[in-house]
Each structure stands twice: as C-alpha cells, then as structure tokens.
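First up is the structure itself, then whatever we jot down about it.
The values are calculated or read from the model by the stated rules, or taken from the named source; none is laboratory data. No experiment lies behind these values; they were computed from the predicted model shown. Neighbour counts are summed over all protein chains in view; Cβ atoms, including those assigned to glycine, are modelled from backbone coordinates with ideal geometry. Remember, those area values only see protein heavy atoms, side chains included, never the ligands or the DNA or RNA. Shrake-Rupley method; radii C 1.70, N 1.55, O 1.52, S 1.80 Å.
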Amino acid sequence: MIQYIFNKYNAENYCDILKDFNLGLDIYYYPSYLSFDAKIQGGEFEIFVLIENEFIFIYPYIKIGFNISELKNKFDIISPYGYCGPYSNNPLFFKRAELFFIKYASVFCVTEFIRYHY
C-alpha cells in the first residue's frame, strides 16, 4: 500500500491521482473547495490517500488546532461541510484502509467528526 498526505502545498499531485483513477467525485473532494472550507473553519485541509493496486481510499478533512500549550501538536479533524467523508472504489478495501487511517490519525487526532456521503 502507498500512503499520501496532500495539503495546500502538494494538492496538484492529488489532482493527478484523481485523473489517473478517472474519478468523478463531488466538489467536496477537491482542493479548491477544501481550501475555502478550511479557511471558514479556521483550520488547514489535508487529504489522506491510500492506494493498493487498482483500489483507492480518499479521506479529505480539516485539521483544527488548539490554543492550549498542552495540545500544541494535537488537532480535531472534521470532514468538510457538505456530503463528504471517506471514499473508496471498493468496499472491502474501504474497511482495511479506514483502519489504516485510524491508526495514522490516532497520533495527532483528539476528536473526529465525519459527514458521510450517502
């Protein structure tokens, strides 16, 4: 599996992956919207991507920091406003990748609020 973390500094590489996988995802999965929503929420956007062969898992979220020194390197994460949340092109890979994300995020994440796309 290959893991990527995209943000405002490398978002163009994420867009290339979307093209490679020929994904026609909603606007909520694109950096232009994520950047706008992150500004409103007072945070920074990140996009977690996990790829294994032809399977992909995408999870865009907004990281919101704390003004408390004890939580300097910790964040709350929320999915962008709208119908967003983790996406995968395969239900079995989704389950594996979501567990992988939880392990990754547990290092810095205090709470997580997800808006799932129906």
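Structure above, values below:
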read-out: Residue identified as surrounded by 14 or more Cβ atoms within 10 Å (Cβ to Cβ), of a type in the set (Lys, Arg) and within 16 Å of ALA105 (Cα to Cα) among LYS72, LYS63; value: LYS63
read-out: Subset of region 80-109 (residues that are open to solvent by 60 Å² or more (accessible area, probe 1.4 Å), of a type in the set (A, V, I, L, M, F, W, C) and without any contact (Cβ under 8 Å) to a residue 40 or more places away in the chain); value: LEU92, LEU99, ILE102, VAL107
read-out: Residue list for region 24-60, filter: hydrophobic (A, V, I, L, M, F, W, C), open to solvent by 60 Å² or more (accessible area, probe 1.4 Å) and under 22 Å from THR111 (Cβ atoms); value: ILE40
read-out: Hits in region 4-34 - residues which are among the aromatic types (Phe, Trp, Tyr), assigned to a loop (DSSP other than H, G, I, E, B) and touching a residue at least 40 places away in the same chain (Cβ under 8 Å); value: PHE21
read-out: Residues (among the aromatic types (Phe, Trp, Tyr), touching a Ser or Thr at 6+ places or on another chain (Cβ under 9 Å) and within 22 Å of LYS103 (Cβ to Cβ)) located in region 1-53; value: PHE45
